[in-house]
Amino acid sequence: MSRTIQDQDLQIWEAYASSGEDGFPARSKLVFHCLSDRTRKARFSVRDGAKSDVEKEVATLSDAQLAEILSGADELK
């Protein structure tokens, strides 16, 4: 499941859950890809719990809460 949000710069981002390394549930991530500017690097935030827990966050957090997580997210390398 994914969801789109708008940041403070009016960019549109897709947010979705990703499992931890090698598919293990530890260190699941909330990943953000900018849909309105494909030159921006993807960003991520490590979350507690399994991928299903992060999917629940994507579904239940408000746009403002997701935008706040995005503002503190790290760039994917």
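For the stretch 8-39, what are the residues that are in contact with a strand residue (DSSP E or B) (Cβ under 9 Å, 6 or more places away or on another chain), at pLDDT below 95 and charged (D, E, K, R)?
Scanning the stretch 8-39 gives Arg27, Lys29.
Please go through the stretch 64-77 and pick out each residue that is surrounded by fewer than 18 Cβ atoms within 10 Å (Cβ to Cβ), modelled with pLDDT of 95 or more and touching a Lys or Arg at 6+ places or on another chain (Cβ under 8 Å).
Across the stretch 64-77, the qualifying residues are Asp74, Glu75.
Would you confirm whether or not the stretch 41-63 contains a residue that is surrounded by fewer than 16 Cβ atoms within 10 Å (Cβ to Cβ) and β-branched (Val, Ile, Thr)?
yes
Among the numbered conditions (1) without any contact (Cβ under 8 Å) to a residue 24 or more places away in the chain; (2) in contact with a helix residue (DSSP H, G or I) (Cβ under 6 Å, 6 or more places away or on another chain), tell me where Ser62 comes up short.
Only one criterion in (1) without any contact (Cβ under 8 Å) to a residue 24 or more places away in the chain; (2) in contact with a helix residue (DSSP H, G or I) (Cβ under 6 Å, 6 or more places away or on another chain) is unmet by Ser62, namely (2).
The values are calculated or read from the model by the stated rules, or taken from the named source; none is laboratory data. Fair warning: this is a prediction, and the values are worked out from it, not measured in the lab. All Cβ positions, glycine included, derive from the backbone under ideal geometry; neighbour counts span all protein chains shown.
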